[in-house]
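First comes the structure, then the notes that go with it.
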Amino acid sequence: MANDPLADALNSIKTHEMFSKQSCEVKPSKLVRETLRILQRKGFIGDFEFVDDDRNGYFRVKLLGRVNQCGAVKPRFAVKNAEWNEWEQKYLPGAGFGMFIVSTPSGLMTNEEAKERGLGGRLIAFVY
């Protein structure tokens, strides 16, 4: 724990979703914030807010019940533009179902956005 805040955050979201909770709290970091923005934009989670308290703060995330599985990809594999289909077949359950969150030279984005722009990058997380 605490070595990978993103893996901890995604695990917390997944376990709270399994038990039909309405919200969860995750430790803050820039990577977690940007990942939550992508998940929110794609409709996997609801609103999230930063709550500043005595213990360094946390993100409170509203859950919508749309996450079946999510997790950090370890190690962070480098993927070339031409290899997206291979990696989607390895990690995602079906064509058009789920997504990767990818770190590219243009910032964090989904694998579909990276394909459209013709970019490769490093796999950060998956969700479906």
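The values are calculated or read from the model by the stated rules, or taken from the named source; none is laboratory data. What you see is a predicted model; the values in this text were computed from it and never measured. Cβ placement follows ideal geometry from the backbone for every residue including glycine, while neighbour counts extend to all protein chains displayed.
Annotations
- Conditions (1) part of a loop (DSSP other than H, G, I, E, B); (2) at pLDDT 95 or above; number of the one not met by Asn11: (1)
- Enumeration of residues in segment 71-120 that are closer than 18 Å to Glu34 by Cα and of a type in the set (Phe, Trp, Tyr): Phe100
- A count restricted to segment 83-127 and to residues that are aliphatic (A, V, I, L, M), modelled with pLDDT of 95 or more and out of contact with any Phe, Trp or Tyr (no Cβ under 8 Å at 6 or more places or on another chain) stands at 4.
- Candidate set from segment 35-90 (those that are surrounded by fewer than 18 Cβ atoms within 10 Å (Cβ to Cβ) and among the small types (Gly, Ala, Ser)); member that is farthest from the chain's Cα centre (by Cα): Ala82
- Hits in segment 91-126 - residues which are in a helix (DSSP H, G or I) and surrounded by 11 or more Cβ atoms within 10 Å (Cβ to Cβ): Tyr91, Asn111, Glu112, Glu113, Ala114, Lys115, Arg117
- Looking only at segment 49-86, residues that are assigned to a strand (DSSP E or B) and charged (D, E, K, R) come to 3 in all.
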